[in-house]
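The next block holds one structure in the form of C-alpha cells; read it before the comments.
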Amino acid sequence: MVRGTADVDVVVVGAGQAGLSSAYHLARAGIGYVVLDHAPRPGGAWQFRWPSLTYGKVHGMHALPGMELTGADPRRASSAVIGEYFAAYEERFALRVRRPVDVTAVRDGGEGRLRVESSAGIWSARALINATGTWDRPFWPRYAGQETFRGRQLHTANYPGPGEFAGARVVVVGGGTSAVQHLLEIAEVAAGTTWVTRRPPVFRDGDFGEAEGRAAVARVDERVRRGLPPQSVVSVTGLPLNEAVRAGLASGVLDRQPMFDRITPTGVAWADGRRVEADVILWATGFRAAIDHLAPLHLRESGGGIRVEGTRAVRDERIHLVGYGPSASTIGANRAGGAAVREIRRLLAGTGDVNRREVTDRPDGSRRPDSAAPPSAQPVRQT
C-alpha cells in the first residue's frame with residue numbers, strides 16, 4: 001500500500017502485452033517506473049478468455065520483447081499458456097507490477113507532474129503509459145425490446161464455452177473473429193444457431209502479408225490521428241478463411257443474416273415480419289478502449305477518440321497510449337512500448353528529472369536498482 005503520495009518517473013497502467021512491453025523498455029532505459037494492474041494475476045486479458053479457446057486456435061500471438069514463448073501445447077487453454085508466459089516474463093525481468101490495483105483517475109498534479117489516483121494510493125509521475133486495452137469495456141448495443149427478452153443475454157467478455165448452450169436456440173450477434181469461433185463450437189451442441197451482423201462479413205483468403213499489414217495499420221492510424229475511436233481489427237483486415245471457417249460456410253452454420261430490428265420476449269424480429277425464436281442472445285459485439293480514468297485530463301476530441309501521434313496524446317505529451325489504435329495487436333504493442341519509452345526518455349531529459357535510483361521489488365522480496373538492464377533473453381519453457 002502506498003501511503004501519502006509516492007513519486008515515480010512513469011506509471012504504467014495495465015500489465016498485458018502493451019504494459020509488460022513498456023515496462024521492459026523502461027527498465028532497459030533505467031527509468032523509474034511502476035506498473036499498476038487491476039487483474040488478480042498475470043496474463044492480461046488472456047486470463048479471462050473462455051476455456052475452449054485453446055492456444056492452437058490463437059492467431060497472431062507475438063512473443064514479448066526479450067523472451068520467446070516456446071514449447072506451448074496447442075491443446076491447452078490459451079488463458080493458461082499465456083498467463084504462465086506472462087508470469088514467467090515478469091519474474092525473469094523482475095518487472096515492478098502491483099496488483100490488484102484499480103486506477104480511478106489521472107489528473108494534472110501541477111508543476112509538470114501527473115496525479116495518478118488508485119485503490120492502492122496516489123502516485124505522482126512525470127509521464128504515464130496507458131496500456132489498459134479494451135477487455136474491461138464490452139460493447140453492448142441497444143435494440144428496441146431488449147429489456148423484454150425472457151431468455152439469457154451475455155457478451156463475449158463472459159462467454160463460458162459451448163457446454164452451457166446444449167439444446168438451446170442461440171442468436172450470435174457480431175461480425176468478428178470471436179463471433180465466428182463462438183458459432184462454430186456452439187453449433188455442435190445447440191438446438192439451432194442464427195448469425196446476424198450489421199454488415200456482410202468479408203472473408204480474407206490467402207496470407208495476410210507485410211504489405212496488407214501496413215495498409216491495415218495505416219487505416220487505423222489515420223482514424224486516431226483525426227481523434228476518432230479506433231476501428232476493430234476485423235473491420236480493417238477481414239475474417240481469415242481457414243479450414244474451420246470453410247466448413248462452417250459449407251454447412252450453413254455461418255449463413256449470415258442481416259441485423260434484426262427488434263428483440264421480442266422470445267427471440268428477435270425483422271421489419272419484414274420474419275422472426276427467430278431464441279433462448280440465448282450472445283453479443284459478440286466487441287469492446288471499446290478502457291480510458292475513462294483519463295477523463296480529468298480532457299484528452300478526447302469531438303469525434304469521441306483521443307488524437308494520437310505515434311503513441312503520444314496530442315493534447316498532453318506526458319500521456320502515451322500503447323495498445324490503442326494502430327498498436328492494438330500483440331506485435332504492435334511490442335513496438336509501441338519501445339517507441340513510447342523513447343519519447344518519454346526525451347521528455348524526462350528535457351526536465352532533467354530522470355530518477356535512475358528507483359528500486360524494484362523482486363518476487364522474493366529483495367530489491368534491485370531499476371537502472372540495471374534486464375538480463376540477456378532466455379526462452380521460457382512451458383511445462
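The values are calculated or read from the model by the stated rules, or taken from the named source; none is laboratory data. Everything numeric here is computed off the predicted structure, so don't read it as measured data. With ideal geometry, Cβ positions are generated from the backbone for all residues, glycine too; neighbour counts draw on all protein chains shown.
Does Gly267 satisfy the condition of being over 30 Å from Gly109 (Cβ atoms) and either touching a Lys or Arg at 6+ places or on another chain (Cβ under 7 Å) or in the same structural domain as Asn130 (by TED's automatic domain parsing) (or both)? Let's see the steps before the verdict.
On the way: over 30 Å from Gly109 (Cβ atoms): yes; either touching a Lys or Arg at 6+ places or on another chain (Cβ under 7 Å) or in the same structural domain as Asn130 (by TED's automatic domain parsing) (or both): yes.
Taking the combined requirement at face value, the residue satisfies it.
Of the residues in the range 93-117, how many are more than 28 Å from Val58 (Cβ to Cβ) and part of a strand (DSSP E or B)?
Result for the range 93-117: 12.
This table checks each residue for (1) within 28 Å of Val308 (Cβ to Cβ); (2) modelled with pLDDT of 95 or more; (3) buried (at least 19 other Cβ atoms within 10 Å of the Cβ).
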{"site": "Ser124", "(1), (2), (3)": "yes, yes, no"}
{"site": "Ala127", "(1), (2), (3)": "yes, yes, yes"}
{"site": "Gly133", "(1), (2), (3)": "yes, no, yes"}
{"site": "Ala144", "(1), (2), (3)": "no, yes, no"}
{"site": "Arg150", "(1), (2), (3)": "no, yes, no"}
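So, in the range 56-76, how many residues would count as being farther than 20 Å from Ser21 by Cβ and at pLDDT 90 or above?
We begin by selecting, within the range 56-76, every residue farther than 20 Å from Ser21 by Cβ; these are 56-57, 71, 73-76.
From the residues that got through so far, the ones that are at pLDDT 90 or above too are 73-76.
Looking only at that region, the number is 4.
What are the pairs, 6+ residues apart or on separate chains, where a residue within the range 98-120 that is more than 14 Å from Ala15 (Cβ to Cβ) has its Cβ under 6 Å from a residue that is modelled with pLDDT of 95 or more and of a type in the set (Asp, Glu)?
From the range 98-120, the pairs are Thr104/Glu117; Ala105/Glu117; Ser119/Asp102.
Out of Gln17, Gln47, I need the residue that is touching a Ser or Thr at 6+ places or on another chain (Cβ under 7 Å), crowded, with 24+ Cβ neighbours inside 10 Å and under 30 Å from Pro162 (Cα atoms). Which one?
Going through Gln17, Gln47 in turn, just one is touching a Ser or Thr at 6+ places or on another chain (Cβ under 7 Å), crowded, with 24+ Cβ neighbours inside 10 Å and under 30 Å from Pro162 (Cα atoms): Gln17.
Residues Glu185, Glu212: which one is assigned by TED's automatic domain parsing to the domain that holds Ala168, in a helix (DSSP H, G or I) and either at pLDDT 70 or above or farther than 24 Å from Phe260 by Cα (or both)? Explain how you work it out, then say what you get.
Details: Glu212 fails: assigned by TED's automatic domain parsing to the domain that holds Ala168.
On inspection, the qualifying residue turns out to be Glu185.
Sort out which residues of the range 267-290 are among the hydrophobic types (A, V, I, L, M, F, W, C), within 11 Å of Phe139 (Cβ to Cβ) and in a loop (DSSP other than H, G, I, E, B), and write them in order of number. Reasoning before the result, please.
Keep residues of the range 267-290 that are among the hydrophobic types (A, V, I, L, M, F, W, C), which gives 268-271, 276, 278, 280-284, 287, 289-290.
After this cut, where a residue has to be within 11 Å of Phe139 (Cβ to Cβ) as well, the list is 283-284, 287, 289.
Correct list: Ala284, Ala289.
Can you run down the residue pairs with Cβ atoms below 6 Å, 6 or more apart or on separate chains, where the first is in the range 21-34 and in contact (Cβ under 8 Å) with a residue 40 or more places away in the chain and the partner is among the basic types (Lys, Arg)?
Listed by first residue and then by second, the contacts come to Ala29/Arg345; Gly30/Arg356; Val34/Arg96.
One residue is enough: does the range 18-27 have a residue meeting the conditions at pLDDT 95 or above, more than 21 Å from the chain's Cα centre (by Cα) and in the same structural domain as Arg96 (by TED's automatic domain parsing)?
yes
I'd like to verify a number: residues in the range 52-92 that are over 21 Å from Gly323 (Cα atoms) and assigned to a loop (DSSP other than H, G, I, E, B), how many?
Of the residues in that region, 8 qualify.
Condition first: surrounded by fewer than 15 Cβ atoms within 10 Å (Cβ to Cβ), in the same structural domain as Val322 (by TED's automatic domain parsing) and aliphatic (A, V, I, L, M). Can you find one or more residues in the range 282-295 that meet it?
Yes, there is a match, as at least one residue in the range 282-295 is surrounded by fewer than 15 Cβ atoms within 10 Å (Cβ to Cβ), in the same structural domain as Val322 (by TED's automatic domain parsing) and aliphatic (A, V, I, L, M).
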